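The values are calculated or read from the model by the stated rules, or taken from the named source; none is laboratory data. Note that the coordinates shown come from a computational prediction; the quantities given were computed from them, not determined experimentally. Please note: Cβ atoms are built from the backbone with ideal geometry, for glycine as well, and neighbour counts cover all protein chains shown.
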Amino acid sequence: MSHRAAFTPGAMLTGRRAVVTGGAAGIGAAIARSFAAHGAHVLVVDIDPVGALDYDPAAGGHLHAIEADVCAQQVHPALLEHRPDILVNNVGHFLRPPQPFTADTTEQWSRLHEVNLGHALRLTHALLPGMTGRGRGGSIINLTTVEAHRSIPGHTVYSAYKAALMQFTRSLAAEVGPAGIRVNAVAPDLIDSAQVPYDDIVPAEDLPLWPNWSPLGGPGQPEDVAGAALFLASDLSRFVTGGTIHVDGGTHAAGGWVPRAGGGWTNRPRNP
């Protein structure tokens, strides 16, 4: 570990190079913008077209994007050519509405695996040798979910893969720590994003109930997750590895799921 001061003024990622997956919108886009605003040269990769991602260029950062599927079996060569010090495995999704485990198919399991675990293993496997060989240390940040730490009825296999990603984070952190590479996870919940648009999900008459759904109310914003990722990417977390930051307004600490009167489950009860 470096003995230089960790708390210095100015941009926190000057001279760093980062890859952020799934950065076209939502949490991934917020992370990419925050990194670039703090001086990093950021490569965004997404299966969807990446439009303009506004950020403050004053710190000397740069942001560009490629359109590619990180779930493809071959890692896009542009990611290797970027020579990143920071990798953010942000891609993940439950892919379907909730349904009983017995209604799943093995094809669904395969798709869930690739989107939530397989691509992160493959991309990390491809980029880690370069990070190690360049001898500059680095940071790998995996986006998990609160459901890696608690249940989510109707998405059993999704939560299993997210829990596996969390354990991958811990074990890899121990393995690559001697090379100065830190590996951590961020577990969001109740974040209003394109994937989970709470502005559309929560009826206007239920908005006063947010204080009952998490200690900090809500919903949170993608920028809240980006703040945690920026901490983990920077020297502010230089002695932090193998851990998970919960960006959830306190839901992991305070509660869980409750059954609906008419069947099914909710983590946003109307009559707590």
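Quick notes
- Positions within segment 125-140 being surrounded by fewer than 20 Cβ atoms within 10 Å (Cβ to Cβ) and of a type outside the set (A, V, I, L, M, F, W, C), in sequence order: H125, P129, G130, T132, G133, R134, G135, R136, G137
- Any hit, segment 161-172, residues being surrounded by fewer than 18 Cβ atoms within 10 Å (Cβ to Cβ), in a loop (DSSP other than H, G, I, E, B), of a type in the set (G, A, S) and at pLDDT 95 or above: no
- In segment 241-257 there is at least one residue that is among the β-branched types (V, I, T), at pLDDT 90 or above, under 30 Å from G137 (Cα atoms) and assigned to a loop (DSSP other than H, G, I, E, B).
- Test set (1) within 30 Å of E107 (Cβ to Cβ); (2) surrounded by fewer than 22 Cβ atoms within 10 Å (Cβ to Cβ) - W210 fails condition number: (1)
- Screening segment 194-220 for residues that are in contact (Cβ under 8 Å) with a residue 60 or more places away in the chain and over 21 Å from the mean Cα position of the chain (by Cα) and picking the one that is nearest to H93 (Cα to Cα) gives V202.
- Within segment 11-117, strands (runs of 3 or more DSSP E) holding 2 or more residues that are aliphatic (A, V, I, L, M) and surrounded by fewer than 20 Cβ atoms within 10 Å (Cβ to Cβ): none
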